[in-house]
1. Given labels modelled 7 Å from the Cα in the Cβ direction, how far is it in nm from B:THR74 to A:SER251?
2. If one computes P(r) from the Cα atoms of the protein assembly as shown, what percent of pairs lie at distances over 35 Å?
3. Of all the Cα-Cα pairs you can form in the range A:66-156, what percent are over 23 Å apart?
4. Taking the radius of gyration and the Kirkwood hydrodynamic radius from Cα positions alone, what is the Rg/Rh ratio for the range A:111-218, to two decimal places?
5. Residues of the range B:17-34 with backbone nitrogen within less than 20 Å of a virtual label 7 Å along the Cα-to-Cβ line of B:VAL204, please, listed as ranges.
6. Taking the beta-carbon count within 10 Å as an exposure proxy, list A:ILE185, B:ILE100, B:ILE161 from fewest neighbours to most.
7. Taking every pair of Cα atoms in the range B:10-114, average 1/r, invert it to obtain the Kirkwood radius, and report Rg/Rh to two decimals.
8. Taking all pairs of different Cα atoms in the range A:231-285, averaging 1/r and flipping that mean, what Kirkwood radius in angstroms comes out?
Amino acid sequence: MEESSQTHCWTGQTQRGKENSSMNLRIDSGRFLAALAALVFVATACGSTGNGGPTSKGTLTVAGFNFPESSILAEIYGQALAHDGYTITYKLLLGNREVVAPALESGQIDLYPGYAATDLEYYNKGAGEANGDAAATTAKLNSHLQALGLTALTPSAAVDQNAFAVTTDTQKKYNLTKLSDLAPIGGQLTLGAGPECPTRPFCQPGLQKTYGINFKAFKPLDTDGPLTRAAFKNGSIDVGLVFSSDGDLNSLSLVVLQDDKHLENADNVVPILRQAAASTEVATVLNAIDAKLTTADLITLNSQVSSQHQDADAVAKAWLQQHNYSS
Amino acid sequence: MQSSAFLDYVDPWVNWTWLESHVPLFVDALQQHLTLTAIAVAGGLALSLPLGIAAHRWRALRNPLLGFFGVVYTIPSLALFALLVPYTGLSIVTAEIGLIGYTVLILVRNLLIGLESVPPDVLDAADGMGYRPLARLAFVELPLALPAMFAGVRIATVTTIGLVTITALIGLGGLGQLINKGLIENFHTPLVVATALSIALALVADLTLVGLQRVAVPWSRDAPR
């Protein structure tokens, strides 16, 4: 049967082969297979916990992306729902939307903290429909989510989007609060951002067109990275591109100028749910959270997790307690 | 000195105070890492044994089989998980489909090498002693293939221990979850400790397998690797 195939290998080792075979005939080979099976089945059982109390209103799975702010928001939503009587399972630090969105559509998870503009551009496959109006962007997002059995609730005032910051010294010197304030003094200021800024509509051309700001100079750096921070510190830039909810803004003495003419796409925090999980009660709980959450809160919470290495569930709990969700 | 703020605070490699208060995090991660690895290697072995024996018995199967799992081996895990999530969810099943898929190539290849290395005169002797084909496979060929199979299991185990970390993408990942946490929070402690634990786990697993091999295949102590 198989003799024809046994014509190579181990040539010159026939003596050894004979020894092996004679020894082997005396040993119960079944024992080897049993040992092998035992070896690979030493797996420890992975138990899942489900402590749904008798009063639970149902189980909801809350997911988060793999960055601290997403974990914090997922914990805030989850703990608020738990406070209302739901049993919550968390799936945090997941990959990007390519993993999370299918999981939501298939019911593996029930909700995740989304961002209006980014989620719209994901679900519409980058059609460029997002704009600076959070309500309009969310309405468009919902038109795409409808067919998928998903829904987005009311967007929060809290945003994590591109923003332009100045140091507190610059702010005081020129008395700045919003981007419009830069128009008359732009000629004295240097802008720092990623090298793509001079060609991107949300960056230098947008500042010029929407706000009429013409800077003295532009320095190619990064977006809210070490180069921008160093440039702020040594005074080589006056205005820099950052993320509006960056936890380091306070410790770096940076202030975000309000985007009063809505140049940037509205990446307001907005929970995205399966329609099946979006009962009136769930929506009420989450909308109440989003009504209270601010960008300043996000900066503080992000700082507590990213810089002080506190746990996301602990900072979420502290925020909820501050807002009268005692548990 | 013109130092920037982000350099003012130096994150130590290991923040022992934080570590002390987060030990359960590491214990859970280690346990999940072990579970994912053990299931992947066990499942890979359960799949590779019949496949390897079939490919050995029917030579025509050999190249298509190795070719197929060679292709599976090249699928980027990110793409594989994204494709599987709608069907198998953010579950251990999704993770294991990927992990087992990656181990099968290593295990089948080594099983084939082991079976092919059985000397023809041993087979002749077994035939002469009246072994039926199935008994010859079970009592002569497979035991002689054990050293090569052990080599395969060792490679598969160590590879899987490294590979498990990528399942952090779907919320599992064992120690990968903590490595991920360290990376995204720019926090050395979980990154360093989880990496060290992962390396230690791979070493311990490999040494355990060497020990098991010495017990199970005592004649192969000086066998070429």
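1. In this crude spin-label approximation the distance works out to 4.6 nm.
2. On the way: 76566 of 152076 pairs.
Above the 35 Å cut-off, the protein assembly as shown has 50 percent of its Cα pairs.
3. Details: 990 of 4095 pairs.
Looking at the range A:66-156, the distances longer than 23 Å represent 24 percent of pairs.
4. Rounded to two decimals, Rg/Rh equals 1.07.
5. Only B:19-34 fall inside the zone, counting backbone N under 20 Å.
6. A:ILE185, B:ILE100, B:ILE161
7. In the range B:10-114, Rg relative to Rh is 1.15.
8. 14.8 Å
Laboratory data are not the source of any read-out in this text; all were calculated from the coordinates shown. Keep in mind the model is a prediction, meaning the values are calculated, not measured. A quick note on method: Cβ atoms are made from the backbone with ideal geometry, for glycine too, and the neighbour counts reach across all protein chains shown.
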